[in-house]
Amino acid sequence: MPTVVHCQDSSKARSERERSYDAHIQYLRTLQDRIRFAGPLATADGARAQGDENLAGSLFVIDESPSVTFELIRSDPYVKSGVWDRVSVFQALKVYGLWPSTVSLKPPGPLYTMLASVATPPPLATASAVLFGAELEPRQMWPREVDASIWRAVAIFSANSLQEARSMLVQDTENRTRQVNTWSLPIAVGTWTRPARAP
């Protein structure tokens, strides 16, 4: 099962992202065969991947154990420079969607993601084709004393706008209170978003 990572931006993320962007990209290139999906999280459509005021963090799906993934993310220049002030690592459980079964699948349109604090039976989003969804089991957090925003479910899917993406949330049939955040993904990289390389 893949590992899911949510990185939350710090208050100094915008300036530090500009300064450490090149080092961050170079570091991700060293992990490219392990990264199934990675992208910045934006609170508005049309955000840029670097220095945009609408960026709020990053989402990763990595093909490593949670403990290895935690150390890989902690070594990212964005952690070292203070772009991210919180890193949460989750084991993906009950995975569903078109990824990774179709490695070279090109997303049909703009990408969005939801993170929910209460796991629901799949799917989390009513998108006609969820690309990746999973229930999440928290494994590691940094800093350790922070326990807010413990996500329990994730979905990555295509929609026409952030407003439409937010309307695709599957309602909880048990009427449990839950927090759901929905972000646009201005860019996405990883083996699930690019064609497989020829042998």
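Output the number of residues of the stretch 36-48 satisfying the condition of being farther than 12 Å from Leu111 by Cβ and under 14 Å from the mean Cα position of the chain (by Cα).
Here the count works out to 2.
Yes/no per residue for (1) within 17 Å of Ala13 (Cβ to Cβ); (2) at pLDDT below 95; (3) polar (S, T, N, Q); (4) touching a Cys at 6+ places or on another chain (Cβ under 7 Å):
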site: Gly51; (1), (2), (3), (4): yes, yes, no, no
site: Phe60; (1), (2), (3), (4): yes, no, no, no
site: Ser65; (1), (2), (3), (4): no, no, yes, no
site: Thr69; (1), (2), (3), (4): no, no, yes, no
site: Asp76; (1), (2), (3), (4): yes, no, no, no
site: Leu93; (1), (2), (3), (4): no, yes, no, no
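Filter the stretch 1-25 down to the residues that are in a loop (DSSP other than H, G, I, E, B) and of a type in the set (Gly, Ala, Ser), then identify the one that is surrounded by the most Cβ atoms within 10 Å (Cβ to Cβ).
Only one residue tops the list, namely Ser10.
Given the structure, is Ala134 among the hydrophobic types (A, V, I, L, M, F, W, C), under 15 Å from Val95 (Cβ atoms), surrounded by 17 or more Cβ atoms within 10 Å (Cβ to Cβ) and at pLDDT below 90?
Spelling it out, it is not the case that Ala134 is among the hydrophobic types (A, V, I, L, M, F, W, C), under 15 Å from Val95 (Cβ atoms), surrounded by 17 or more Cβ atoms within 10 Å (Cβ to Cβ) and at pLDDT below 90.
So which residues in the stretch 142-167 are over 15 Å from the mean Cα position of the chain (by Cα), over 22 Å from Trp192 (Cα atoms), at pLDDT 85 or above and not hydroxyl-bearing (Ser, Thr, Tyr), if there are any at all?
Correct list: Trp142, Pro143, Gln163, Glu164, Arg166.
On the given criteria, is Arg14 more than 22 Å from Pro110 (Cβ to Cβ) and free of Cβ contacts under 8 Å to residues at least 24 places away in the same chain?
Answer is no for this residue.
Mind checking which residues of the stretch 52-93 are part of a helix (DSSP H, G or I) and buried (at least 17 other Cβ atoms within 10 Å of the Cβ)?
Pro66, Thr69, Phe70, Leu72, Ile73, Pro77, Tyr78, Val79 - these are the residues of the stretch 52-93 that are part of a helix (DSSP H, G or I) and buried (at least 17 other Cβ atoms within 10 Å of the Cβ).
The values are calculated or read from the model by the stated rules, or taken from the named source; none is laboratory data. Quick caveat, the model's predicted, so the values are computed rather than measured. A quick note on method: Cβ atoms are made from the backbone with ideal geometry, for glycine too, and the neighbour counts reach across all protein chains shown.
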